[in-house]
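Peer 1: So that we are looking at the same thing, I have put the structure below in structure tokens.
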Amino acid sequence: MQLTYKFRLRDTADSELRRQSRAVNFVWNYCNDVQQQAVKRGRKWLSWHDLQKLTAGSSKELDLHAHTIQQVCQKYDISRRTHKKARLKWRGKKSLGWVPFNKGHVAYRNGSFWFRGREYKAWVSRELQEGQTFGAGSFNQDALGRWYINLPVEVEILESAPSNAVGIDLGLKELAALSTGEKIENPRWYRASEEKLAVAQRAGKKRHAKRIHAKAANQRKDFLHKASTALAKSHDIIVVGDVSSSKLSRTSMAKSVMDAGWYSFKQMLRYKSIRNGGIYVEVSERNTTRTCSSCGAVSGPQGVNGLRIREWTCVDCGAIHDRDRNAAANILRLGLETLTEGACHV
Ligand SMILES: [Zn+2]
């Protein structure tokens, strides 16, 4: 399967990347112009082959890789057709830098990336092999002007995985409660940076807020990667509830942050589980907090989602439940049922 690795580049290549991304914008805006002229004159839409013919031979002049120009034409054509517009947004100073490259054109040697004979130093946070090949990817800039390289990498799927299943209840206070009784706590800095962000936003310090947000997002991603890797390594069946923040009343901002976190955590669990030869299932969370995992009665108190009730006793069988662990156990049961019924998973 293919995964895209993202690495932060060191500042040494900044000016060269800015130059290339200006040239990329030039190609993009050129495509935009000729497309509009063609439409005005009542000619048919230009395909990306037409655009490619029109831009052919400009590689030397623009000092861009010929395939980069082709990729821009192709991306332009795809987004023009998906947006069904005669004209797309002009790419200018405010557009985040973007330099696409084709399959096999970026190399990894001596701990650096190489493209068109130039070295791009990076913080390489994952294991890469010397001489490893990559798919078609891109250099990308973030809102703070920092450059990253996005590299599609082919990853082998492992044959065997340890045999056991786990149900996961995603939460707010903890990242997750497991059917095994373990909990994955959110790190302490998470709350702290949320508060710092709110303060900066209230004070109208936009750039400062962006910086805090970017840092927190990176830390959070790193944390989610570690947690999902550990889970996928030790379980061959992973069942997760289809959590959404609507069950938790908070501000819309906090909600969207939570949603984004849960979404990427589920994505990570999914691909890591598949990569390890495991199975990933998502099930409906409906009633999982109120159903007794010992006897199956829907005996939990109403509003058990309310954050206050952490523990309850089943009136039918007398079992005492930790709310989240019980929910995780129900999620696991539902997932295993789906699998034995032969419903499609993943
Ligand atoms: Zn019960």
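Read-outs: derived from the displayed coordinates by stated rules, not from any lab. Please read all numbers here as calculations on a predicted model, not as lab measurements. All Cβ positions, even for glycine, are placed from backbone atoms using ideal geometry, and neighbour counts span all protein chains on display.
Peer 1: So if we plug the beta-carbon distance of residue 110 and residue 84 into 1/(1 + (r/R0)^6) with R0 = 51 Å, what FRET efficiency do we get, rounded to 0.05?
Peer 2: Step by step, r from the Cβ atoms, then E = 0.65.
Peer 1: Could you identify which residue out of 173, 233, 266 has the top mean-square fluctuation in a GNM of the chain using Cα springs shorter than 10 Å?
Peer 2: Among 173, 233, 266, the largest GNM mean-square fluctuation belongs to 173.
Peer 1: P(r) of the range 196-239 in 5 Å steps, Cα pairs, percent per bin?
Peer 2: That works out to 5, 22, 17, 14, 11, 9, 9, 8, 4, 1, in percent per bin.
Peer 1: To continue, here is another question. Between residue 172 and residue 337, what FRET efficiency follows from the Cβ-Cβ distance if R0 is 30 Å, with the result rounded to 0.05? Working shown, then result.
Peer 2: Values: r = 27 Å, r/R0 = 0.89.
Efficiency computed from Cβ-Cβ geometry: 0.65.
Peer 1: Something else about it: If you project the alpha carbons of the range 99-150 onto their three principal axes, what span does each projection cover, largest first, in Å?
Peer 2: 31, 22, 18
Peer 1: Count the net charge of all other residues whose Cβ sits under 15 Å from the Cβ of residue 10, scoring Lys and Arg as +1 and Asp and Glu as -1.
Peer 2: Net charge around residue 10: +1.
Peer 1: So what is the diffusion coefficient of the range 34-151 in µm² per second by Stokes-Einstein at 25 °C and 0.890 mPa s, using a Kirkwood Rh over Cα pairs?
Peer 2: Working: Rh = 16.2 Å.
Roughly 151 µm²/s, to the nearest whole number.
Peer 1: Also: At 10 °C and a viscosity of 1.306 mPa s, what translational diffusion coefficient does Stokes-Einstein give for the chain, taking Rh as the Kirkwood radius over Cα pairs? Give it in µm²/s as a whole number.
Peer 2: Numbers: Rh = 23.6 Å.
Approximately 67 µm²/s, per Stokes-Einstein.
Peer 1: Now for a different question. Could you state the angle between the C-alpha long axis of helix 252-275 and the longest principal axis of the C-alpha atoms of the chain, as a value from 0 to 90 degrees rounded to the nearest 10?
Peer 2: 90
Peer 1: Just for the chain, what percent of DSSP beta bridges are antiparallel, to the closest 5?
Peer 2: Just about 80 percent of them are antiparallel.
Peer 1: Same structure again: Using Cα atoms only, what is the angle between the long axis of helix 323-340 and the major principal axis of the chain, expressed in degrees (0 to 90) to the nearest 10?
Peer 2: Value to nearest ten degrees: 70.
Peer 1: Further question on the same structure: For the range 1-64, what is the Kirkwood hydrodynamic radius in Å, using each pair of distinct C-alpha atoms?
Peer 2: This gives a value of 14.3 Å.
Peer 1: Angle between the Cα long axis of helix 188-202 and the longest principal axis of the chain, 0 to 90 degrees, nearest 10?
Peer 2: In the chain, helix 188-202 runs at an angle near 60 degrees to the longest axis.
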